[in-house]
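Visitor: Below you will find the structure I want to go over with you.
Values in this text are rule-based calculations from the coordinates and carry no lab data. Bear in mind that the values here come from a model prediction, so they are computed numbers and not experimental data. Cβ: placed from backbone, ideal geometry, glycine included. Neighbour counts: every protein chain shown.
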Amino acid sequence: MDIVDSRNRSVMRNSCSAYRQTRRELIGWTAGGIALLGGGLVSRAAWAATPTDTMTIGPFYPVLRPLDQDGDLTVVNGIATGARGQIVDLAGRVLKPDGTPAAGARVEIWQANAAGRYAHPADMSGVPLDPGFQGFGVQLADAEGRYRFRTVKPGAYRIPDGRVRTPHIHFDVQGRTSRIVSQMFVPGEPLNASDFLLKASEAPDTLIARKLQPPPGTADILALEWDIVLVAA
Ligand SMILES: [Fe+2]
């Protein structure tokens, strides 16, 4: 099976917002009598969404994955206290370039805890670990490409050369024939503007999540939506 890395493909434009915009454009064309949705006249290219940009896997991919790998990173089996920090409800879809769901895609995430510490031997920051934080999770996208994690907002952290990473969550997403390693960023974070990796991205809009209204009664939860567009199925 060929694994295609999106770094080798051209970048078109924004991910799901671009997909939605393209759909609005198509509807607009339809109103003008040019295109017929469902009538076989809409080309595959017209539905194309921008592949999510790739980013480095970084130095903190788990050496030893936790036994507890489910989608709720705020609770660790056998630990009575939950994770410290602001709860994040992170959901989205894994999509193919034509906007259809990448059903069954495997979605891994790993991240620093709320204080900015990875549970990894290469993290020499001295910042305390949080035994109640899972730090790593895996989900399989459903038939509509949807995934969902409950986690905490990662803290910013300083790397050894003094630069500061803005809060981010690492992703490794494997579809049927393509795979993307990237990082998701929190919208509105002041440190986003100075993050050297986000600044180096050719498609930063594909890396920043969208903030949603939290469900009623959960105003302290940060609800984020981030769609991932693969370069192939
Ligand atoms: Fe990181």
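Visitor: Using alpha carbons only, how many angstrom separate the centre of region 142-156 from the centre of region 50-101?
Guide: Between the Cα centres of region 142-156 and region 50-101 lies a distance of 6 Å.
Visitor: Moving on to the next point. May I ask you to list the residues of region 128-166 whose amide nitrogen lies under 18 Å from a point 7 Å from Cα along the Cα→beta-carbon direction of LYS199?
Guide: 156-166
Visitor: Local charge sum around GLY71 (other residues, Cβ-Cβ under 10 Å, Lys/Arg +1, Asp/Glu -1)?
Guide: 0
Visitor: When the dipole is taken about the Cα centre of region 159-233, and only Lys, Arg (+1) and Asp, Glu (-1) are charged at their Cβ, what size is it in debye, to the nearest 20?
Guide: Charge dipole of region 159-233: 120 debye, to the nearest 20.
Visitor: Between beta-carbons, use under 11 Å as the cut-off and find the net charge around GLU189, counting Lys and Arg +1, Asp and Glu -1.
Guide: Value of the local net charge: +2.
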